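Taking it in order: structure first as structure tokens, then the write-up.
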Amino acid sequence: MDVFQELGMSVNEARIYEALITYGGSGVSTISLRSKVHRRNAYDALHRLIEKGLVYEVFQQGETVYEAVAPGKLMEFVKEKELKLTSAMPHLLSIYQSHRAPQRAYIYKGLEGMKNFLREALKVGEDMYEFGSKGGWFDPRLDTFITWFLAEAKKKKMKFHHIFDWDVQTKVPHVPKLVGKPYKFAPKKYTSESAIEVFGDHVVTFTGLGFGKVEDDLTVFVMVSPRLAESYRTWWKMMWDLLPNPKKK
């Protein structure tokens, strides 16, 4: 199962663990047949699983039988890793920050790129100003992540200031309600497939945005510069002041 490999098991370990929880304990020969892992490789994988605390041996007359530890152990496995990472995080962040230039530029791609930029926004924890918004955050594939993001942003008292593309009103009319006020709409003739986001000392531009979705070729350009970000915020406020307030329906 893919989930086992995502938890750090090798292909052979995942196949064997799955066979054991599916069929119950058995000897190496049977495990090899059920998991389709060569007997010689099965021995190695079993010993690694024993070291990880996911399999144990039952000694009896004849062939040794191997049993899987209950799947609940996997949650414990994940929590142990999380605790280790949490403990190491202050040092890792200190090292990471010490090498970061005060002004820099980099690129993210696709759905994971969208998540990366939003994590950075949470870390900064300041209000976000966007022009050309299309509701890309609410791509169905991002549902779980965005629910978490908005909850965390609320805790940090972050506000979102959106200038939406005109067609958001008809193509994804639920989006402005989800992000909340304040928001306005740019004139219809200025619709594009791009957007600009400003928060803290970050200026983020996008290509490959659809209405309520993220295209597979989404590119997120991130520029970090306090002076540039402040300039973009000034331009954003100019556009905001020139736009009319949304008409009440």
| query | Among the residues of the range 161-180, which ones are surrounded by 14 or more Cβ atoms within 10 Å (Cβ to Cβ) and of a type in the set (A, V, I, L, M, F, W, C)? | reply | Ile163, Phe164, Trp166, Val168, Val172, Val175, Val179
| Which residue, of Phe185, Phe160, Phe164, is of a type in the set (Phe, Trp, Tyr), more than 23 Å from the chain's Cα centre (by Cα) and closer than 20 Å to Val203 by Cβ? | Phe164
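Out of everything in the range 199-249 that is in a helix (DSSP H, G or I) and among the acidic types (Asp, Glu), what residue ends up being nearest to Ser133 (Cα to Cα)?
If we take residues in the range 199-249 being in a helix (DSSP H, G or I) and among the acidic types (Asp, Glu), then Asp241 is nearest to Ser133 (Cα to Cα).
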| task | Would you tally the residues in the range 13-63 being part of a strand (DSSP E or B), in contact (Cβ under 8 Å) with a residue 24 or more places away in the chain and out of contact with any Leu (no Cβ under 7 Å at 6 or more places or on another chain)? | result | 2
| field | Pair list, Cβ under 7 Å, 6 or more apart: the range 205-221 residue at positive phi, other residue surrounded by fewer than 19 Cβ atoms within 10 Å (Cβ to Cβ) and in a strand (DSSP E or B) | value | Gly208/Glu215; Gly208/Asp217; Gly208/Thr219
| remark: His202 vs (1) modelled with pLDDT under 90; (2) crowded, with 21+ Cβ neighbours inside 10 Å: all pass except (1)
| message | Could you go through the range 138-158 and let me know if any residue there is assigned by TED's automatic domain parsing to the domain that holds Phe221, closer than 30 Å to Lys247 by Cβ, basic (Lys, Arg) and out of contact with any strand residue (DSSP E or B) (no Cβ under 9 Å at 6 or more places or on another chain). | response | yes
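Among the residues in the range 139-156, are any among the acidic types (Asp, Glu), under 20 Å from Phe221 (Cα atoms) and assigned to a strand (DSSP E or B)?
So the first thing to find is which residues in the range 139-156 are among the acidic types (Asp, Glu), and the list is 139, 143, 152.
With under 20 Å from Phe221 (Cα atoms) added as a condition, the list becomes 139.
If we keep only those that are assigned to a strand (DSSP E or B) too, we end up with none.
No, there is no match, as no residue in the range 139-156 is among the acidic types (Asp, Glu), under 20 Å from Phe221 (Cα atoms) and assigned to a strand (DSSP E or B).
Quick check: anything in the range 44-52 among the acidic types (Asp, Glu) and either within 30 Å of Val198 (Cα to Cα) or surrounded by fewer than 10 Cβ atoms within 10 Å (Cβ to Cβ) (or both)?
Yes.
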| Given Tyr129, Tyr106, Tyr66, which one is assigned to a strand (DSSP E or B), on the phi < 0 side of the Ramachandran plot and surrounded by fewer than 15 Cβ atoms within 10 Å (Cβ to Cβ)? | Tyr106
| said: Every residue in the range 220-249 that is within 18 Å of Asn116 (Cα to Cα) and surrounded by fewer than 16 Cβ atoms within 10 Å (Cβ to Cβ), please. | reply: none
| For Ala121, all conditions in the list (1) surrounded by fewer than 16 Cβ atoms within 10 Å (Cβ to Cβ); (2) under 17 Å from the mean Cα position of the chain (by Cα); (3) under 17 Å from Arg233 (Cβ atoms) hold save one; what is the number of the exception? | (1)
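Being in contact with a helix residue (DSSP H, G or I) (Cβ under 7 Å, 6 or more places away or on another chain) and more than 30 Å from Asp139 (Cα to Cα) narrows it down to one of Glu67, Glu76, so name that one.
Exactly one residue qualifies, and that residue is Glu67.
Condition first: under 20 Å from Glu112 (Cβ atoms), at pLDDT below 95 and either assigned to a loop (DSSP other than H, G, I, E, B) or in contact with an Asp or Glu (Cβ under 8 Å, 6 or more places away or on another chain) (or both). Can you find one or more residues in the range 173-195 that meet it? Before you say what the answer is, go through the steps one by one.
Our first condition is that a residue be under 20 Å from Glu112 (Cβ atoms); within the range 173-195, this holds for 193-195.
Filter once more, keeping what is at pLDDT below 95: 193-195.
Those left that are additionally either assigned to a loop (DSSP other than H, G, I, E, B) or in contact with an Asp or Glu (Cβ under 8 Å, 6 or more places away or on another chain) (or both): 193, 195.
Yes, there is a match, as at least one residue in the range 173-195 is under 20 Å from Glu112 (Cβ atoms), at pLDDT below 95 and either assigned to a loop (DSSP other than H, G, I, E, B) or in contact with an Asp or Glu (Cβ under 8 Å, 6 or more places away or on another chain) (or both).
The values are calculated or read from the model by the stated rules, or taken from the named source; none is laboratory data. Being a predicted model, the structure only gives us computed values, none of them experimental. So basically every Cβ, Gly included, is an ideal-geometry build from the backbone, and we count neighbours across all protein chains shown.
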